[in-house]
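This report refers to the structure that appears directly beneath it.
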């Protein structure tokens, strides 16, 4: 199994070079749109699409041969993705174009990349950090994507391919419970408290709401107010609010991504040290289910904002990279079932109490959920060889007055 790591590196681009990149990206997007509109929509294979339209695309848009091949591949990939989701391909924006080994090359001695455009081949310096330099040292990447980001700067997405280690068979499992009070809680009692994170997200929301209100107020002049001054402030103040909104755009998203990277890295490191499999909840469709419940606007925003799927994907790709197996288990009743006796208990906020009179376990609800996910993971990791999900009432009846106490 091959894994691809994508490095996003900023380019030092001169104005003349930027114009050539813009021209190439525009032609690439136009070619993709033309292919999508004129080639049979049932074709999703790159070679099949290329055989039908190669000559026409080359004559119409003047792209290099390998750019045409990559355009056909992008249309095919977008069609496959749209088909899987039951949608249609929306369109192609002139903000990027794909490169292969013939239209892109990396040179380590001066940390530059060479890119083929419509006009000539450009030599572009990289603004590579120590992380990028460490990953690119000794590498010869053969594919990349030249992209223009929202900040109007050009970046190169360099794709490095390698063969990750094969996951080793192990009976150890670390269960991970996702939530809002604790973003993640492991069965080893390692957790990431969500209280401070929630406060920071609420502050982001308040700042955005305040700036949006100030930026949109005073669209028309009030009676008795001089021209250029409005009820919601002057034109310059509203313009300044819009500038601040643009500068703050995506800050919460970047913060969430940074935090998810840190959480996933620590979980995978612990699994690597203990030679364990990681078991997580499959929360697919959780937003659709929870949004059916009556809630106020604040609660809806809080529950919908956090990127749990992103955290899952980070765990999965870091697990592949380190040879750690990551399995997803059904989330039903994992937070309501006692991990000791497998009976439904009572969960109140952060507290859990088992309703089985022969068990009576009391402790942290998130830890109990993580331990239950661990048991599910053991049953998946050891099919036919694990009995951890069976109820053992007879063992509990030997000492009916015994009560287990937990952490939290």
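Details
- Put in order of Cβ neighbour count within 10 Å, fewest first, the listed residues 131, 54, 155 become 131, 54, 155.
- Expected 222 nm ellipticity per residue - DSSP helices of 4 or more, -39500 (n - 2.57), all of the chain, to 500: -14000 deg cm²/dmol
- Exposure proxy ranking for 257, 64, based on other Cβ atoms within 10 angstrom of each Cβ and starting from the fewest, stands as 257, 64.
- For the chain, the direction-averaged projected area of the alpha-carbon convex hull comes to 28.2 nm².
- Stretching the chain fully between residue 216 and residue 51 yields a gain of 54.2 nm (0.36 nm per residue, less the alpha carbon separation).
- 334, 44, 186, 137 arranged by Cβ crowding within 10 Å, fewest neighbours leading: 137, 44, 334, 186
- Nearest-ten-degree value, helix 65-84 long axis tilted from longest Cα axis of the chain: 40
- Shape category assigned to region 152-206 from the gyration tensor of Cα positions, a/c cut at 1.5: oblate
- Angle between the chain longest axis and helix 308-322 axis [Cα atoms, degrees, rounded to 10]: 90
- Segment residue 5..residue 322, full-extension length gain: 112.8 nm, with 0.36 nm per residue of separation and the alpha-carbon distance subtracted.
- Average Cα contact separation per residue, region 41-177, under 8 Å, 6 or more apart, as relative contact order %: 18
- Projected area, mean over directions - region 3-162, Cα convex hull, nm²: 9.9
- For the chain, the longest principal axis of the Cα atoms and the long axis of helix 365-381 meet at an angle of about 80 degrees.
- Normalised by the number of residues in the chain, the mean separation of alpha-carbon contacts (under 8 Å, six or more apart) gives a relative contact order of 14 percent.
Bear in mind these aren't lab numbers, they're just calculated from the coordinates by the rules spelled out. In this text, all values refer to a predicted model and were calculated from it rather than measured experimentally. Here Cβ is always computed from backbone atoms with ideal geometry, including for glycine, and neighbour counts include all displayed protein chains.
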